[in-house]
1. How many of the residues in segment 85-129 are small (Gly, Ala, Ser) and over 17 Å from Leu366 (Cβ atoms)?
2. List pairs: first residue in segment 40-54 and touching a residue at least 60 places away in the same chain (Cβ under 8 Å), second residue open to solvent by 40 Å² or more (accessible area, probe 1.4 Å) anywhere in the structure, Cβ distance under 8 angstrom, at least six positions apart or on different chains.
3. Looking only at segment 130-149, filter to residues that are in a loop (DSSP other than H, G, I, E, B) and in contact (Cβ under 8 Å) with a residue 40 or more places away in the chain; which one of those is farthest from the chain's Cα centre (by Cα)?
4. What are the residue pairs meeting all of these: first residue in segment 10-28, first residue within 14 Å of Leu103 (Cα to Cα) and in contact (Cβ under 8 Å) with a residue 60 or more places away in the chain, second residue open to solvent by 40 Å² or more (accessible area, probe 1.4 Å) and acidic (Asp, Glu), Cβ atoms under 9 Å, and 6 or more apart or on different chains?
5. How about segment 247-266: which of its residues are among the charged types (D, E, K, R) and either in contact (Cβ under 8 Å) with a residue 40 or more places away in the chain or open to solvent by less than 10 Å² (accessible area, probe 1.4 Å) (or both)?
6. Of all residues being over 18 Å from Leu180 (Cα atoms) and small (Gly, Ala, Ser) in segment 326-353, which is modelled with the lowest pLDDT? Just the residue, please.
7. Filter segment 52-66 down to the residues that are part of a loop (DSSP other than H, G, I, E, B) and crowded, with 18+ Cβ neighbours inside 10 Å and list them by number.
8. Among the residues in segment 153-164, are any modelled with pLDDT under 95, open to solvent by 30 Å² or more (accessible area, probe 1.4 Å) and either within 26 Å of Pro52 (Cα to Cα) or part of a helix (DSSP H, G or I) (or both)?
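The values are calculated or read from the model by the stated rules, or taken from the named source; none is laboratory data. These figures come from a predicted structure and were not determined experimentally. Note that each Cβ is placed from the backbone with ideal geometry, even for glycine, and that neighbours are counted across all protein chains shown. In case anyone asks, the SASA skips ligands and DNA or RNA and just uses the protein heavy atoms, side chains included. Shrake-Rupley method; radii C 1.70, N 1.55, O 1.52, S 1.80 Å.
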Amino acid sequence: MKMDSAAVEIDGSVMEGGGQILRLSAALSCITGSAIKITKIRAGRSTPGLRPQHLMGLQLVSDLCSGSLQGGTIGSTDINLTPGKIQSGNHTADTQTAGSVCLLLQVALPCALYADAASQLCLKGGTNAEMAPQIDYTVKVFKPIVEKFGVHFDCDIKMRGYYPKGGGEVMVTVNPVKELQPVTLTERGNITKIHGRAFVAGVLPFKLAKDMSAAAVRTIRKEIKELYINIQPVQEKEKAYGNGNGIIIIAESSTGCLFAGSALGKKGVYADKVGIEAAEMLLRNIRHNGCVDEFLQDQLIIFMALAKGTSRIRTGAVTLHTQTAIHIAEQLTQAKFTITKSEDELSSNVTYIIECQGSGVVNPNL
């Protein structure tokens, strides 16, 4: 065990100042073997400190790396994590709320890559929750892109769960890697395909799914005339717990770039409005001509930082989440990031190239 004096101090209130700092710091601590002390956790939030889903994520990482976690209680604003050896095998995390299983996966996946064998993660909570990627996004957008780094995982959706009850469950199998490959995503190409799913679950009428789908298609049509748009309305039956509705729309480009727009229904919000919101989000993410959408941008930073070699990714405006991820990655690894603005002569779009000389972490357990 490393002495506490060697712990890297992380200010949990900097920049975006949310749960993302916790997830990234904990994962990188686990992978690099450096003890960390995070202070001022979510200091600026209306309910500061650890919420149940954050605590669950930290316990999951601590479990994955046989570490010791101090300060792990709800509302705690300071924690210490001292990692041990990364353990493969079965790990379970249950938020017991509609806390997002996708955010649990964000913290656990990078750690499991550096185990000595495959890991099974049983993650319980919300699969389609606010303020987090929907599970459909994780499977359809995040997964194919991180696979370019050499990451391989399978995700089996056993049960969908919605706000406020949760009750969802996904089983994720992660294979270890010796080291991650760098990735270059700089050519967007043309949008070749747009598809998606609009779902209702529980007591909600199927008409809502049809209305969300139709409104989304109408909105996209105004801007993209030539493509066939297929947004399937779906009634979730046996594999869904509780009531919910939502939509996710995915666009694919000729070079294999993926973009998404999504929205979840809320009480008192017309289905049309939900469909339009998702469509506008998708269009906004296609317009900038980058190669990733605003939500994938920050999720790729940790993989760029761990990979061996130089990664380059073209994006639209660099989000605060991404700047925060870079700040934490540079603090806890040897990776070096640069962001360059690139003007496009053919259009008014400004894109940015995020370049990273990765730290080339090699899996000592394989």
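1. 8
2. As it stands, the answer is Gln53/Thr97, since those pairs meet every condition given.
3. Here the residue is Glu130.
4. Close Cβ pairs (under 9 Å, with a partner that is open to solvent by 40 Å² or more (accessible area, probe 1.4 Å) and acidic (Asp, Glu)) amount to Ile21/Asp11.
5. Glu252, the sole residue that qualifies.
6. If we take residues in segment 326-353 being over 18 Å from Leu180 (Cα atoms) and small (Gly, Ala, Ser), then Ser347 is modelled with the lowest pLDDT.
7. Listed by number, the list holds a single entry, Cys65.
8. yes
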